[in-house]
Amino acid sequence: MSATAQRAAQPAPAEAADDAIIRVRGLVNSFGSQIVHENLDLDVRRGEILGVVGGSGTGKSVLMRSIIGLQHPVAGSIEVFGEPATEREESDAKDIRRRWGVLFQNGALFSTLTVAENVQVPIREFYPAIDQPLLDEIASYKIVATGLPPETSCKFPSELSGGMRKRAGLARALALDPELLFLDEPTAGLDPIGAAAFDNLIRSLKDLLGLTVFLITHDLDTLYAICDRVAVLADKRVVAVGTIPELLALDHPWIQEYFRGPRGRAAEDSAEQAASRKATPAMGDDRDKTD
């Protein structure tokens, strides 16, 4: 492994992370005597899609919950948008929370509300003075923006497929036009075609809206398709952060097993084939310009 690859794949020190929209330092999380995270450091750069991977029990969701304030760490510091994200007054915390959106596993929609009403929940929380016609208009726009048909607005979650529920949950996460988007296993349970379509949607929305995306996933195809960098959780901390080629240059056993295993090789081959198709000119593009 080259020294350049080794440096690139390590968590960035605080002084080198001026573009960090999320900065975690020395994080400790535990449940009773079980220590989940110990001295965990991580930076998420503004404008990137950061994939977060790790084996079962490494605390990927716990890390996300710590950042968004649903899990109180034992020790360490978390900054979001350059501001401390822990130990804040409720009014100050709301100012930060309205700048991010969260898609939890399986969408986490309210079953007794329609899709439109689900999308309106965060708007009502942060902007209670907005009247109903505008609420309906905003919800309709967000629903269509996530690829759902307009008539989905009046349906209940139980009337939707799994993929549609995830898109509805994404519409709710985008309700406040956030700068930062948290996604927890967004393609879990989807068939390969549906997962690829969701990946493309996330990349398109990221580019269109200028989002920063914190993405927890087990989906190797997702990592190859849309992630700018990947953070690896193991040994109770982030052991490496980098592009997939940079991670492949490391000799950590879990990283090698994960990316070099059969599924990892299949995802790599698929990504290479997709890149080759994209780079190949369409038939007729190379016609003689003198014709």
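Per-residue answers, yes or no, for (1) touching a residue at least 40 places away in the same chain (Cβ under 8 Å); (2) in a helix (DSSP H, G or I); (3) in contact with a Ser or Thr (Cβ under 9 Å, 6 or more places away or on another chain):
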{"position": "Met164", "(1), (2), (3)": "no, yes, yes"}
{"position": "Ala175", "(1), (2), (3)": "yes, no, no"}
{"position": "Phe182", "(1), (2), (3)": "yes, no, no"}
{"position": "Gly189", "(1), (2), (3)": "yes, no, no"}
{"position": "Ile193", "(1), (2), (3)": "no, yes, no"}
{"position": "Asn200", "(1), (2), (3)": "no, yes, no"}
{"position": "Ser204", "(1), (2), (3)": "no, yes, no"}
{"position": "Phe214", "(1), (2), (3)": "yes, no, no"}
{"position": "Leu223", "(1), (2), (3)": "yes, yes, yes"}
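Taken together, Ile123, Ile202, Ile130, Ile143 contain a single residue that is among the β-branched types (Val, Ile, Thr) and either within 27 Å of Lys60 (Cβ to Cβ) or touching a strand residue (DSSP E or B) at 6+ places or on another chain (Cβ under 8 Å) (or both), which is Ile202.
Within the set Leu215, Leu250, the sole residue that is modelled with pLDDT of 95 or more and on the phi < 0 side of the Ramachandran plot turns out to be Leu215. Checked against (1) outside any strand (DSSP E or B); (2) at pLDDT 95 or above; (3) among the acidic types (Asp, Glu), Asp43 passes all but a single condition, namely (1).
Within the stretch 127-138, the set of residues being out of contact with any helix residue (DSSP H, G or I) (no Cβ under 7 Å at 6 or more places or on another chain) and assigned to a helix (DSSP H, G or I) comprises Gln132, Pro133, Leu134, Glu137. Selection within the stretch 139-162: residues that are of a type in the set (D, E, K, R) and in a helix (DSSP H, G or I). The member of this set that is nearest to Val213 (Cα to Cα) is Lys142. Being surrounded by fewer than 19 Cβ atoms within 10 Å (Cβ to Cβ) and at pLDDT 90 or above holds for only one residue in Gly55, Gly51, Gly32, and it is Gly55. For the stretch 205-220, check the following and say yes or no: at least one residue is surrounded by fewer than 20 Cβ atoms within 10 Å (Cβ to Cβ), within 30 Å of Tyr258 (Cβ to Cβ) and basic (Lys, Arg). Scanning the stretch 205-220 turns up at least one residue that is surrounded by fewer than 20 Cβ atoms within 10 Å (Cβ to Cβ), within 30 Å of Tyr258 (Cβ to Cβ) and basic (Lys, Arg).
The values are calculated or read from the model by the stated rules, or taken from the named source; none is laboratory data. Keep in mind that what you see is a predicted model, and the values were worked out from it rather than measured. Glycine also receives a Cβ, built like all others from the backbone with ideal geometry; neighbour counts cover every protein chain displayed.
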